[in-house]
Every structure is written in C-alpha cells, then in structure tokens.
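Input: a single structure, listed below in structure tokens.
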Amino acid sequence: MSGAGRADRAESKDKAPGLAEEPGTSADETSADGNAADGKAADGIAAEGKAADGKAAEGSAQSAAPAGTGSGSGRAATRKPRRKRSFWREFPILVVVALLLAVIIKTYAIQAFFIPSGSMENTLEINDRVLVNKLVYDVRGIHRGDIVVFNGDGSWDPGPVPVDTNFLVKFADGFASMFGFGHPGDILIKRVIGLPGDNVACCDAQGRVTVNGVPLSEKPYLYPGDLPSESRFSITVPPGRLWVMGDHRLISDDARDHLGNPGGGTIPESAVVGRAFVIIWPPSRWRFLPIPATFEQQKLNATAAAGPGTGTNDAAAAAIPAGLLSARLEPSSPALPLTLGFAAAVPVTWLQRRIRTRRRPPP
C-alpha cells in the first residue's frame, strides 16, 4: 500500500473517532437538555400545581368567605336588635311621675287659690287666681305687709289649731285634697299688720293704724274710700302669733272682729300655709304682690313695751256682723299642678331612659 493510502486510512481513523465523538457529545447534550427540559417541565408542573393550589385555595377562601359571611349574616339576622320602648309604653310611667310631682309641687312648693270674695279688694278681686309660695317661710320669716294664706281653724273658727305634720301625712293630705277629698280647713287670706311682740292700735289723731306707735300710710292698698278702721282697738301680739287685716276694711272680717276669741283675734304662725306673691288669672290682672313701702319703716322694728291689750269693742267682736267677708279661699283646679308636674316629668322620664339605655349591656 502506498503512503497516500495509509495516510487516507489514518485520516479516516482519525476522523472516525471524531465522527463517533460528535454523536456522543450530542447525546450528552441531548440528555442534559432533556434533563433540563424535564426539570423545567417539572418546575412548570410544580408551578402550575402551586398556581392551581393557590387558585384552589383562593377559590376555597372565596367560597368560604361568602359562606362565613352568610353564616354571620344569618346569625345577625336571627339576633334582632333591641327595640326602644314606644311612646305608649313610656306614657304610663310619664303619667305616674307627673302625678307624683304634681302632688309634691302642690303640697310643698306652690299652690293656686281662687278668690271668692271682695274682702281684699282692690288688691285682690273676685275670681282672681293667686299663686301661694309654701317654701318662702322656710328660708325667711314672715314680714309685715305680706299677704298670707292661713288656716283659721282653732283661732277664728272652731276646731283644733293646725300643727305641723310629717312629710308623709302632708303628702297624703295633699294627694287627697287635689282630687276633692279630705278636709283642707278654713283657708283664708289677709295682710299681715303686726308680728309677735308688736303693739297694733287704732286709731291715732289722724285716724291711722299704728304699729309700735308708728302710723301706717295705707292709702296705696286700702279700698278707695275706706277708713283704716271704724272700730278702735289696741293689742300687743302674743309670741308665735300674727295680727292680720283685709284691705277692704269696711267689709273685711279680720282680726278686729275676733278680739273675743282665743289669742285676742290673732292667728298662730303655724297656721300660715304660705305667701300669695302673684296674680296669675285673668291675664289682664297679672301682677306681683310686693310688700308696700309703709312697712319698710325702720321704726316699726321697735318692740312695744306695753303688755297685751284688749280691744275696746269686745262686745262688737263677740258677734261678727253678717255683712263682713272673711275672704275664704277655694283651692284652684288641679290643672296647674298637673301641668307643672307634666312639665317636670318629661325631662325626668327622658333622663331615666337615657340612664337605663347606657347601663344596658352591649349585644
């Protein structure tokens, strides 16, 4: 064989392994590529699985959420909210509270009275309605010039002298009298002229009533044309008692006409119900009832040194003339205390309702 042939064979041998190596390399690469592809595929499958799991979880969460929401809403639907009490359920409470407040106001604070006679004209006229303050004498004493409402039992009229009773007895009496039951007593209205220890007399040289020797200028409140008194008297007011007179002196049945009675015509301070301080009806007569200026004289406070006196007209005092008017009062209708009671009951009922609502445990 020639050298060229050997060379070709050698070259072919050299090339044969090379050709054999290329498929081998291709196989390895193919295997590697296959493995990589398989890995990627696996990763893809895993990713798809995770994505599927995520979507499934999301789907289950979404499906669970409405289910939970539906369950919660079902429970919420079954738990009915507490309804507030209707007006008609609160109304009986309002009525009871108003009634209690009305009795309390009438018994212990303010009461309206109807004027049936003219013995206090022109200060008070027939058919006037006045408000009487029952608390004023708990914070101050009775003053000269006050128009007081009092119980004449035991002083001007037969019967026991009124005494202070306890809270419950007063409440029961006030409740009964509001609806026309019980015995309210002989309720009268007059002006205070003399306090305990005062010497009240009539008349001086000018025909005036004097208190502790000081003449009173009574023209502003006396009925036009009336004299201060047509009868003469002189008395020192005993301790714990008052000397009272009407403003229409000519027809007023007052202390002057009861000189022969126990106390010499005076009334006990304990019999005083309260002070009339304002006319509330009719509207044209609306006004306050102040103390006249004549009672503001400082000299009036000098206590008389003389002992208790007696009237100079005892015989006339023993029999009261039929034409005199005592100004007996009639309690006004319960409309005013009930109105005040309802006015006070509305905020009280509203407040207790708010307190009850706040104390109620949350649902």
Among the candidates Val237, Val214, residue that is out of contact with any strand residue (DSSP E or B) (no Cβ under 9 Å at 6 or more places or on another chain) and closer than 19 Å to Gln298 by Cα: Val214
Output yes when any residue across the stretch 279-286 is assigned by TED's automatic domain parsing to the domain that holds Asp128 and either in contact with a Leu (Cβ under 6 Å, 6 or more places away or on another chain) or surrounded by 21 or more Cβ atoms within 10 Å (Cβ to Cβ) (or both), and no when none is. yes
Of all residues in the stretch 179-196 being at pLDDT 95 or above and assigned to a loop (DSSP other than H, G, I, E, B), the one that is nearest to the chain's Cα centre (by Cα): Leu195
I'd like to verify a number: residues in the stretch 247-270 that are outside any loop (DSSP other than H, G, I, E, B), surrounded by fewer than 19 Cβ atoms within 10 Å (Cβ to Cβ) and of a type in the set (Gly, Ala, Ser), how many? 1
Go over the candidates Phe150, Phe113 one by one and state the one that is surrounded by 14 or more Cβ atoms within 10 Å (Cβ to Cβ), hydrophobic (A, V, I, L, M, F, W, C) and more than 30 Å from Phe233 (Cα to Cα). Phe113
Any strands (runs of 3 or more DSSP E) falling wholly within the stretch 90-178 and containing at least 1 residues that are small (Gly, Ala, Ser) and over 17 Å from the mean Cα position of the chain (by Cα): 110-114
Name the one entry in Val148, Val139 that is without any contact (Cβ under 8 Å) to a residue 12 or more places away in the chain and closer than 25 Å to Gly197 by Cα. Val139
Only one of Val273, Val244 is modelled with pLDDT of 95 or more, part of a strand (DSSP E or B) and touching a strand residue (DSSP E or B) at 6+ places or on another chain (Cβ under 9 Å). Can you tell me which? Val244
Residue selected from the stretch 199-241 under the condition part of a strand (DSSP E or B) and without any contact (Cβ under 8 Å) to a residue 60 or more places away in the chain, by the criterion farthest from the chain's Cα centre (by Cα): Cys202
Could you grab me the full set of residues in the stretch 257-266 that are in contact (Cβ under 8 Å) with a residue 60 or more places away in the chain and in contact with a strand residue (DSSP E or B) (Cβ under 6 Å, 6 or more places away or on another chain)? Gly263, Thr266
Could you check the stretch 116-132 and list, in sequence order, the residues that are of a type outside the set (A, V, I, L, M, F, W, C) and surrounded by 17 or more Cβ atoms within 10 Å (Cβ to Cβ)? Ser117, Gly118, Ser119, Glu121, Thr123, Asp128, Arg129
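The values are calculated or read from the model by the stated rules, or taken from the named source; none is laboratory data. Note that this is a predicted model, so its numbers are computed, not measured. Cβ: placed from backbone, ideal geometry, glycine included. Neighbour counts: every protein chain shown.
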